[in-house]
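Only the coordinates and a few stated rules stand behind these numbers; no lab work does. Worth saying up front: this structure is predicted, and the values here are computed from it rather than measured. For neighbour counting, all protein chains shown are included, and Cβ atoms are generated from backbone atoms with ideal geometry for every residue, glycine included.
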Amino acid sequence: MAEIIRRVVNELKNHAPFTLFGALTGIIIMLVLIFGNFLSQVSPVSKDIFYILHPTHVFLSALVTTTLYIKYGKKNIWLAVLIGYTGSIGIATMSDSIIPYLGEVLLGLPNAGVHIGFIEEPLLTNIPAFIGILIGYYFKGTTKFPHAGHVLISTWASLFHIIMALGVTVNWIQTVGIFIFLFLAVWLPCCTSDIVYPLLFPRKTKL
């Protein structure tokens, strides 16, 4: 257990700047859209944008999750596939869809919908997951920059999920609430998926 904690703390420390930067970009984009009065133009295409960003998020999450498992664990292809798939599909769904949806419901946004990617668009979601797993398994390397991309894309996917529910107007209370749920949707699930989850399985003792 102490070994796992050391690994998790080390990886969280290395990836923290990218997580913070990604969350900040999402907040900035949201402010520009809201206070620049661009919601009426963006809302009609927000679902299409979401289904570009969400599969990209799944791909990067699968890549980082698999790479970290291979880095610290045995090179077991079947376990790598299981960890890479559940860590990307499961937690990306939580980050991009479930947490934003809960925020939309609690904030009373008019067009709330859950939009589960691997159910609504299985090919768009599952194929990127398996491609990310294969790359992470056979071409293991640094996880910092893929994680940075993962955080950026996850932030934007969560944002456009919320935009689907916004309509064309938003008040100050909803704006503050969106800030909170956007940060939560990215920070905890992304770090769990990329860092904590794959490190629960390896048995190597040497970092």
Checklist outcome for this item: Fewest-first ordering of Ser46, Ser154 by Cβ atoms within 10 Å yields Ser46, Ser154
Next on the checklist: For Ile91, Ile119, which order do you get if you count the other beta carbons within 10 Å of each Cβ and list the fewest first?
Outcome noted: Ile119, Ile91
Checklist outcome for this item: Ranked on Cβ counts within 10 Å of their own Cβ, fewest leading, Met30, Met94 go Met94, Met30
